[in-house]
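*Asks:* First the structure, then my questions, so here it is.
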Amino acid sequence: MRLAARLAALSALVLTAVSVGALPSSAVASSLPVASSAVASSAIASSDVASSAAVSSGVEVSSAVSAASSYAISSAAASSYAASSAVVTSYAVSSAIASSAVSSAISASAATSAPSVPLTGEVSGVSYTVSSTYTIYGDPVPTNPPSLATSPTAGEPPYNSGSGTEVGWQTLSISSYAFSSFPVVSPTPLPPVFPSYSPLYPPPVENSGSQIVPDFSDAWDVAFAKAEAFVSGLTLEQKVNITTGEYQEPILCVGNIAPVADWPGLCLQDSPLGVRDTDFNTLFPAGITVAATFNRTMMRLRGLEMGQEFRGKGVNVALGPMMNMGRVAQGGRNWEGFGTDAFLSGEAAYETVLGLQSVGVQACAKHYVDYEQEYKRTQESSNVDDRTQHEIYQKPFLRAVMAGSASVMCSYNMINDTYACENDRTLNQLLKGEIGFRGYVMSDWGAQMSTLSAVAGLDMTMAGGIHLSTPDGGSWWGPNLTAFVDNGTISMARMDDMATRIMAGYYLLGQDNNYPNVSFNASSLYDTVHDKHIDVQADHYKLVREIGGAGAVLLKNTDGALPLNKPRSIILVGSDAGNGAMGANGYSDRGGDDGILGVGWGSGTANYPYLVSPAAAIQERARLDGSSLTNWYLDWDTEGAASAVEQVDVAIVFVNSDSGEGYITVDGNWGDRDNLTLWHNADNLIQAVAAANNNTIVVAHSVGPSIIDSWAENPNVTGIIWANVAGQEAGNAITDVLYGAVNPSGRLPYTIAKALEDYGVFLILGGDNDTILSIPYTEGLFYDYRRFDQYNITPRYEFGFGLSYTTFEYYNLAVSVLPQYDPTDLALEAAWEAGVPTPQGEGSSTAFWLHRPYVQVQFEVQNTGALAGTEIPQVYVHFPTGSGEPPSLLKGFDAIYLEPGEVQTVTITIPRYELSIWDIIAQGWSKPEGSFTLSVGASSRDFRLTGPIPI
């Protein structure tokens, strides 16, 4: 069955299984605090900063453009924009200014209401003195780091000097903190492009990118009305319990919120590729593999089927998707995410969230933000400039929020000297303010650093205790949070906001309506009381196999060596071809590399129900073809391997490279990869086999890029397939590709370099137990293919590259601006056209007019080969000279299946958001001055059509 048909069938099943409440009446909606109706779908407030920026730049704006200032949230709403009225004044300042969690302005403002007599107390082993003063450890609040790819210069703050260590981190002063709720945007739906939707009934998926921008505000309004009604009847202690993880044994899920009143609580469970620590579940292909498909339908289906399994086990919150950006090629958890490009990662996150939540499971977008290495992940500061933050690292989270994600997980690291889970800039100002996120923020497990993280935007602490290893060591929240609310340090308004956001996520997904109970014990598969061993697999293995095949990237194919056509003799070389000696689940959290690699290691994994090895799958095919099949699994005996492959028609060498989360060390790799070589003596093994057999095919199951230059151009290596990490059907998936049952269409979601040094961004190592590492992101926007293009570095294989068993041609490019029928936002659109940065305010970066289809790109693709296949056309925008952008940026893609000779017209649209750059002064999105062009092609360096963008 074709993917689109399967998605429709699955959606129909979901609709019958999930029941939701009615859409809100006008009375319900009007009971919530709303922004002025003048803001309409723009959902933003104008600002003096934006106006002054326009004047100083000498831009002449027509009266229609000037009218944009009337699209403003009322002054009362604007003043309550952030954690307090005082913080709004610092919103337009650089990202680093407010990185001390809450700016000094708010502390000064709140000091007048602080207790005149210091309050002291010790609750659950945590001592505090509540007064209007408190020591701030570390450097002074830094100024804005350098943007783009510039190097540090004299006078810039020491944390960004590249010295490698930090003195300490910024933290909150203990004082009394006022809180006003974020204003709720009241957009005007504009069908058919901006219609009202529920996350339970998302818009249909389109491989070229949806023409619909779904409006989930009505569904959020209903959820908040229910949540506010529920929370209003709770005691303070009950509200605190909703926000504090149940960290004392016994617990059933990896994260638990205890029942409150007649509410059953929440079960939070890993992982981004399946239900962790249970049985009769599916282990899906990793995020990096589905990203390599460049296929939105597969991304949506994977999210939907994972959601069905989480729901079937009684999990309320699925801890995924994961959208770290692969900044460092050696990063241990890169395989959990969707690659190195912000657009691709954002689209994959968007479709995954829509799929997960369509069955009533809450998604959790993680890890927010700038968490790009495992080494000292709790003792490092990622020092990121404001423009880079907006254009790369924040972008996938923006898309997850636009998909309606119920929750976001903050990360372990610091951002500009402030821990991510108590960072006012990233949590309050950017996520809840600028992006307009209405859900709740939870900490990663043990990532909370203080009770006052509540003031900075944290809503839920996980797993609840201060220390993961000592659950009886108390909690930053629990009784401590109760005490801080009682003594006025944290306001009751903020406490209500935290609990309400959490409950709103619950109601948003209809979990108050016959949601299944938890049916497993993540701590023990042998719990005969709670673990019901419910089988949730259905036929999900089919999609696993399809994604595994579609995500395999054909890198080399000399003289039609592939697909295989009934070879008389085959030998499989390398331990990756077979099963591990300890079985698929022999290593805890997959923390070992023995046999076929289907996934990396860490909390982002699941238990295999089974694992198909390449040897098992190829053996089935060899029997049908009458082929002779032998194997050699001794990776280090290269002489024996060379002898074994002589006189064999085809030698297939299976190799891999592994990585994972830093709490597990494998073969000396502490999560991150020590280097980018393939494992198990792979380079020597390949060269030995190729020296003895002139038809050597290499298959790499890899968590990321590897350096393969020592053998990639060897003429006896006739084929290379980069198979990523494909999950439980890995063997069947690669066999489908080897034999042509699947014509490969995968594309690299990262760059494979010729040398490690070419990447220009590396792990930051060193230090002792107390060292806090400084990780300056001085490369700015220029890493992975953006760096290679900027500095004319030739890669081994570029981002977006991938071959097929057939050929494709491109014709007839046409680029036009779509007609706009939205009088509400005419002034904002005209201002943007004139180069005026977008105004600031609630939801300003997710405003409908900024994301609606704007430029249309049409072209034709023809299959000019002899075999049917899928092509992945990619659209790259070239920004004007002087804009500071990389030479080429991915802004669109499609996946089209074509029979031989068939021609198809492809239509891809680009919104204004994707044609904008972040203005760090005005704090808005602007269209840079100059001429835009775009190219359409098969990779980031294989352009077939090029033309101007008429804007």
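*Asks:* Could the peptides 746-753, 873-880, 537-544 be put in order, highest first, of the mean number of other beta-carbon atoms found within 10 Å of their residues?
*Replies:* 746-753, 873-880, 537-544
*Asks:* Tally the DSSP beta bridges in the range 216-508 and give the antiparallel ones as a percent, rounded to 5.
*Replies:* 25 percent
*Asks:* Among 416-429, 209-222, how do they line up from the highest to the lowest mean number of other beta-carbon atoms within 10 Å? Let's see the in-between values first.
*Replies:* Details: 416-429: 29.4, 209-222: 21.2.
With the highest mean Cβ count within 10 Å placed first, the list reads 416-429, 209-222.
*Asks:* On to the next question. Excluding residues fewer than 8 places away in the same chain, name every one of the aspartates and glutamates whose C-alpha is closer than 17 Å to that of residue 532.
*Replies:* Here the aspartates and glutamates satisfying the reach criterion relative to residue 532 are 277, 279, 309.
*Asks:* Follow-up question, since we're still on this one. Sort 364-373, 276-285 for me by packing, meaning the mean count of neighbouring Cβ atoms within 10 Å per residue, highest on top.
*Replies:* Order by mean packing, descending: 364-373, 276-285.
*Asks:* From the phi of every residue in the range 296-308, what ³J(HN,Hα) in whole Hz does the Karplus formula 6.51 cos²θ - 1.76 cosθ + 1.60 yield, where θ is phi - 60° and glycine or proline is x?
*Replies:* 5, 5, 5, 4, 5, 4, 4, x, 5, 5, 4, x, 4
*Asks:* Counting only C-alpha contacts under 8 Å and six or more residues apart, can you give the relative contact order of the range 747-849 as a whole percent? Mind showing how you got there, number by number?
*Replies:* Working: 64 pairs, mean separation 32.3, N = 103.
Contact order relative to length: 31 percent.
*Asks:* For the range 914-951 and the range 541-611, what is the separation of their C-alpha centers, rounded to whole Å?
*Replies:* Distance between centres, Cα-based: 38 Å.
Throughout, read-outs are computed from the coordinates displayed, never taken from laboratory work. If you're wondering where the values come from, they're calculated on a predicted model, not measured in any experiment. For neighbour counting, all protein chains shown are included, and Cβ atoms are generated from backbone atoms with ideal geometry for every residue, glycine included.
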